[in-house]
Amino acid sequence: MAETIFKAGQVVYVNVPFTGNKGQKLRPALIINVYKDDIIILPITSNLRSNGILITKSDGAAEDSIIKLNNIFTISKDQIMHVFFELEKNKRKEVYTGLVSCFCQLLE
């Protein structure tokens, strides 16, 4: 079987460990960068009151959700269980613009 190639913009299902290695949970996430075996992701939540970027069914999501910009993870590609879909270029640009804005606020 061919190895899956991961790339920025893919929405994936990820096995995320809890702090202190006290278990793990499957969560959706957006890949924002790939470097060798390291995958940088942003978590996705169905809690629409969270701060972040809205993705909807028309974007490919199973349900309306929020890409959380304030919680960046680096994981191993082995933690990715499934690729759901890939965000369109305009939505990816919205995410990266939002990330830049979040980091710029730290300089104020």
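The values are calculated or read from the model by the stated rules, or taken from the named source; none is laboratory data. Computed from a predicted model, the values in this text were never measured in an experiment. Reconstructed Cβ throughout: ideal geometry from the backbone, glycine too, with neighbour counts over all protein chains shown.
Structural remarks
- Tallying residues that are charged (D, E, K, R) and either surrounded by 14 or more Cβ atoms within 10 Å (Cβ to Cβ) or within 13 Å of the chain's Cα centre (by Cα) (or both) within region 40-79 yields 3.
- Residue check for ASN15: in contact with a helix residue (DSSP H, G or I) (Cβ under 7 Å, 6 or more places away or on another chain) and modelled with pLDDT under 95: yes
- Filtered residues of region 80-89 (kept if in contact with an Asp or Glu (Cβ under 9 Å, 6 or more places away or on another chain) and outside any loop (DSSP other than H, G, I, E, B)): PHE85
- Residue within region 74-89 that is among the small types (Gly, Ala, Ser) and without any contact (Cβ under 8 Å) to a residue 12 or more places away in the chain present: no
- Residues in region 45-79 that are modelled with pLDDT under 95, part of a strand (DSSP E or B) and either among the β-branched types (Val, Ile, Thr) or touching a Gly at 6+ places or on another chain (Cβ under 7 Å) (or both): THR45, THR74, ILE75.
- Those residues of region 98-108 which are farther than 17 Å from ILE44 by Cα and either hydrophobic (A, V, I, L, M, F, W, C) or part of a helix (DSSP H, G or I) (or both), in sequence order: VAL100, SER101, PHE103, CYS104, GLN105, LEU106, LEU107
- Residues in region 17-39 include none that are assigned to a loop (DSSP other than H, G, I, E, B), under 15 Å from the mean Cα position of the chain (by Cα), hydrophobic (A, V, I, L, M, F, W, C) and surrounded by 15 or more Cβ atoms within 10 Å (Cβ to Cβ).
- Region 4-25 residues that are closer than 17 Å to LEU87 by Cα, paired with ones that are among the aromatic types (Phe, Trp, Tyr) (beta carbon under 6 Å, 6 or more apart): VAL11/PHE84; VAL11/PHE85
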